[in-house]
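Worksheet for the structure shown next.
The values are calculated or read from the model by the stated rules, or taken from the named source; none is laboratory data. Because the structure is predicted, anything quoted here is derived from the model rather than measured. Cβ placement follows ideal geometry from the backbone for every residue including glycine, while neighbour counts extend to all protein chains displayed. Areas reflect the complete protein model, heavy atoms only, side chains present, ligands, DNA and RNA absent. Shrake-Rupley method; radii C 1.70, N 1.55, O 1.52, S 1.80 Å.
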Amino acid sequence: PESENTPAFSAWRLLGLGIVEVICLELIADGSADAEPIKNLVEDEAKVRRKGNTVKLKTTKARTLDDSVTRAACVLENAENVETLQFAVGDIQSLNKATRQQERHHAHAQKSVMNMFITKTLCTACAWLMQALVTKALNIALYSLSDKDTLISLIYAALIGLVVPPLQYFSDREPEVLKPGHEGPPGKVPNVIAQSAGRMLVFLELQKKALPMTIAWANKSAVAAIIGIFPDSVLLANLIACAVLTIVVTAVQNVPAVEKAQKRLKHGENGIQLRYLAWPSSLLLSVGYVYNGVATWTVNYLVGLDASLSEGASFFLTTLLQCIYFTLIAIFITRLDAYWLRKKVELQEQRTSVLNEIEEERKENEHADLHDLAYSIHLELQNDLGDTMAKAIAFVYAWGLSNTLNDIFFMFFLNLSSYSAGTYQQSWEFALILTVALGYGTSLLSLAQYRSAESKSYKKLMITAMANTLGWAYMNVMSMTTNYVLAQLVDADGSTDGMKQAICYLLLFVIAQAFCSEIFFQIQDAVRVSHREVHDFHQAYPTELPDKFDDIDDVPSLVAAGVTRSKSAEV
């Protein structure tokens, strides 16, 4: 009703009546309708409507210029408010995207670190179980030999070196459901281990991850047995082993066939020959072991200087020296690793530049400068040698942390010389305490975002050290538990039959493997459920909102143009 009083409505209504009148006249002219009634009706209605509309047009006042400008200004203000609201919604949407992206980054970092932390712990325990079982079997087979520990370690290392590469090859030919990139059936969330995979598949997956650890510990045991042949010159033996192993490992890894095999394995290829060629990389733990022997010689020497101290005072002094030692090597190794990260980038840039120069010279002269070629090889060897030493000193850092925590718990608190002097319950207590403390520390450290090279090196070294420390603690737990069960078995029937001990080792091996597999299964299942919940949440609440204001940027200009036209019309 209010719109009927406007001039525009009256004009349109008058025009509409005129059109109706024309249509009726056309119908009459064609003979389609009776002329007189329709003509009279239309003329009378038209007269009444024209008269009324004419009166309305005369009595209706046009808006003043001020009123039109005020109304247009209100429209412009409302449009600006809508535009401001759109910018606010855009800012909130951008903040939502950034927050979710940061949460995803944190969740991914924490999940990957915790997965590495727990997997390395379980794999270390599985590696020790395999070593304990096989060495016990070899001990029974070589019962006639008197001094056989060194021989058993060498035979075990050779046996593992022959058997593990084919096992790695066959274990890598896994079902598609276990592969990390597998996304499952259409419409389902990608799984870490699919729901359809049972505990047997999880057990096989854990054994596959434990195989590299098994071969590394076998090589380390062989190196330790060889160094143990020289008890009176441990430092000299470790120094010689450091030099020999560092040079040999670096040289072998720099062989083109070995280098290509490692690159092909990293890119997902598989093959028994590739596995055998990648064997030298398993010697890095042995290199770290001899490095640690050199680093800890000073502490062991200082502890053995004063034999007149009481047992408690000696334990306190040993713990204090170990804490000081770990503090110093932690600072030194962190700085050295950060320096090497920067130096490695420089070496790679120099080598790339030299290779480019050699390539240009070959294009021009069809032969390269021998000096440039030798310099390129020198840079490559320097880079490989630095990588070997950097990976080896990471184990020195890990052993330093492990020895420090062991001394604090067993020597300082329990007044014991080592974990082997206590009971298996005390080893379990130590391992459980480390599980809580190091697990919490790893979860916090995985979320830290450092900028400096030293801080990044500290984060990498400490996370690796905590994972190794926990794994070694559970190795001690299994060793102490197994020895206790065997001792109780001997006390029960007074028999020292090696076959019964082997059967006992086999039973403990099966039980411990089942326990580790169940832990691994629960962890993977929890990760899968967490991933599914996050996926469902992002599907239910997406960050992308529909844009209903595509043309909002044009509203102010349109309103301004409308005000200008209104002013011109009023004038």
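Miscellaneous remarks
- Förster radius 51 Å - calculated FRET efficiency between Asn78 and Thr327, Cβ distance, rounded to 0.05: 0.15
- Pairwise FRET efficiency - Leu320 versus Lys500, Cβ, R0 = 30 Å, nearest 0.05: 0.10
- Cα pair distances of the range 214-363 binned at 10 Å [whole percent]: 9, 23, 31, 21, 10, 5, 1, 0
- Full extension of the segment from Gln488 to Leu236, taken as 0.36 nm per residue of separation minus the current Cα-Cα distance, would add 86.6 nm.
- Sorted largest first, extent of the range 406-513 alpha carbons per principal axis (Å): 62, 32, 19
- Model label sites at Arg173 and Arg100, defined 7 Å from Cα along the beta-carbon direction, differ in position by 4.3 nm.
- Accessible carbon and sulfur surface of the range 418-526 relative to its total accessible area, %, 1.4 Å: 66 percent
- Cα pair distances exceeding 11 angstrom across the range 433-474, given as percent: 64 percent
- When each of the peptides 221-227, 510-516 is scored by how many other beta carbons lie within 10 Å of its residues on average, the order from highest to lowest is 221-227, 510-516.
- Whole-Hz Karplus values for the range 230-235 come out as 10, x, 8, 9, 5, 4 Hz, taken residue by residue from phi with 6.51 cos²θ - 1.76 cosθ + 1.60 and θ = phi - 60°; glycine and proline positions read x.
- Accessible area per residue for the range 410-477, computed on protein heavy atoms with a 1.4 Å probe, is 47 Å².
- Total formal charge among the other residues, if their Cβ is under 15 angstrom from that of Leu434, Lys/Arg +1 and Asp/Glu -1: -1
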